[in-house]
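Engineer: Sharing a structure with you now.
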Amino acid sequence: MEEVNVRLGELSLSPIEPPVQRRHTSLTGLLEIPLQESSLWLKAVPPIFGHEAGVIRWLGQHFSWHVPEVVADGRGWWLSRGFPGVAHEPPAEDYVQMLARMQIASIGHAEELQAIGCPVRSPAGLAAAMERLAARDDLLDAETRKALSASLGQLERCVSELNALDIPPTLIHGDAHQDNVLVTSRGWFLFDWTDSCISNPFIDLAVATRRLSSAQRVRRARAFALEWEAVLKASVVDRAVAAADLVGAAHEAASYQWFLTEIDVSAEDAAGRSRQRESLRRWTHQLIREVDGL
């Protein structure tokens, strides 16, 4: 906290009470710092998520009312002002439309985003990542590993077809589910960009549509597609949407494999590691189901 306190002093911000811990897991820690008339939020992240503050700052240049306001950051931490108040009525548009506009705004800025640490995670590497996962008997049971291995050929074909569409790589959120968005008086507010990276934008649909009924999934995918049809041919968008669930499931499984491999989990967070393993298995099974459904 010493570095944080120094930065607070530089910003002429004086906490009126000790910080209050709101969340602590192996992935992130969250503290609320009470000020005289408001609060700041301190987020601590492991090195693989060190790009989050830079990504949010970049987005803030274009969508200032729709992402957190970063006021300071350092190695493994960043500070933001409190989130805006929640509105009673949701906007007429779906939040994936705001997400799509953010993605579209990042076209042509991949090098700029890489310079601030945003990782590149091309779909081209997913088949190899899933092949490595299929060999991990510490993460998956034998039956699942066998089924995953049998799915690799179809995954590789689907990724090849998606890449052939020549969709420009963009910034993606990486975990764009309903719990990571708020409705405010100025529209949708998207937060928790720890999983953000540069990849195929349609990958975000896998998470955004996962908890919905079939009819809701179609409506949300269509709302997302409408934004992209301003940039790409409708036929290209349709094919990308069709590939999103399978390729997106592989992307999410690769994410959790990455977390479980790269993040040092303390003994105190055994439950957190268990949740990550369960998420890995869930997305792996989703990938297998998507392949079986083709």
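Engineer: Name the shape class, rounded, prolate or oblate, that the alpha-carbon gyration tensor gives for the range 129-174, where a ≥ b ≥ c are the square roots of its eigenvalues, rounded holds for a/c under 1.5, and otherwise prolate holds if a/b is larger than b/c and oblate otherwise.
Structural biologist: oblate
Engineer: How far, in nm, would the chain grow between residue 166 and residue 282 when pulled straight, counting 0.36 nm per residue and subtracting the alpha carbon separation?
Structural biologist: Working it through step by step, the gained length comes to 38.8 nm.
Engineer: Karplus couplings for the range 98-105 from phi (6.51 cos²θ - 1.76 cosθ + 1.60, θ = phi - 60°), rounded to Hz, Gly and Pro as x?
Structural biologist: Coupling constants for the range 98-105: 5, 4, 4, 5, 5, 4, 4, 5 Hz.
Engineer: Through the Karplus equation 6.51 cos²θ - 1.76 cosθ + 1.60, θ set to phi - 60°, convert the phi angles of the range 253-259 into ³J(HN,Hα) values in whole Hz; use x for Gly and Pro.
Structural biologist: 4, 5, 4, 5, 4, 4, 4
Engineer: Between rounded, prolate and oblate, where does the range 92-178 land on the alpha carbon gyration tensor, with a ≥ b ≥ c its root eigenvalues, rounded for a/c under 1.5, else prolate if a/b exceeds b/c?
Structural biologist: prolate
Engineer: Specify whether the C-alpha gyration tensor of the range 63-106 places it in the rounded, prolate or oblate class, a ≥ b ≥ c being the square roots of the eigenvalues: rounded for a/c under 1.5, otherwise prolate if a/b is larger than b/c and oblate if not.
Structural biologist: oblate
Engineer: Please state the charge dipole magnitude for the range 122-192, taken about the Cα centre, from unit charges on C-beta atoms (+1 on K and R, -1 on D and E), reported in debye and rounded to the nearest 20.
Structural biologist: 120
Engineer: Starting from the amide H of residue 77, placed 1.01 Å from N in the peptide plane, find each other amide H under 5 Å away whose residue is 5 or more places distant or on another chain.
Structural biologist: 45
Engineer: Give the residue list of trypsin sites (Lys or Arg not before Pro) in the range 15-109 that are DSSP loop and have at most 16 other beta-carbon atoms within 10 angstrom.
Structural biologist: Details: sites: 22, 23, 43, 57, 75, 81, 101; in loops: 75.
In loop regions of the range 15-109 (DSSP not H, G, I, E or B), the sparsely surrounded trypsin sites (Lys or Arg not before Pro) are 75.
Engineer: Which residues does the label zone of residue 93 cover in the range 159-198, counting backbone N under 12 Å from a point 7 Å along Cα→Cβ?
Structural biologist: Under 12 Å, as judged by backbone N against the label point of residue 93, lie 187-189 of the range 159-198.
Engineer: Kindly provide the helix-only [θ] at 222 nm of the chain, computed as the sum of -39,500 (n - 2.57) over DSSP H runs of four or more divided by all residues, to the nearest 500 deg cm²/dmol?
Structural biologist: Value at 222 nm, helices only: -15000 deg cm²/dmol.
Engineer: Still on this structure, please answer the following. ³J(HN,Hα) across the range 7-15 via Karplus (A = 6.51, B = -1.76, C = 1.60, θ = phi - 60°), whole Hz, x for Gly/Pro?
Structural biologist: 5, 4, x, 5, 8, 6, 10, 10, x
Engineer: Computed on alpha carbon atoms, what radius of gyration and Dmax characterise the chain, expressed in Å?
Structural biologist: Calculated on Cα positions, Rg and Dmax stand at 19.7, 59 Å.
Engineer: Can you give me the distance in nm between label points at residue 105 and residue 48, each placed 7 Å from the Cα along the Cα-to-Cβ direction?
Structural biologist: Between residue 105 and residue 48, the simple spin-label model gives 2.8 nm.
Engineer: Quote to one decimal, in nm, the extra length available between residue 20 and residue 3 on full extension: 0.36 nm per residue of separation minus the C-alpha distance between them.
Structural biologist: Gain in length upon complete extension: 4.4 nm.
Engineer: Taking the 0 to 90 degree range and rounding to the nearest ten, how far is the long axis of helix 270-292 tilted relative to the main principal axis of the chain, both from C-alpha atoms?
Structural biologist: 30
Taken together, the values in this text are just the output of simple stated rules run on the coordinates, not laboratory data. Since the model is a prediction, treat every value here as computed from it, not as a measurement. Using ideal geometry, Cβ is built from the backbone for each residue, glycine included, and neighbour counts are taken over all protein chains shown.
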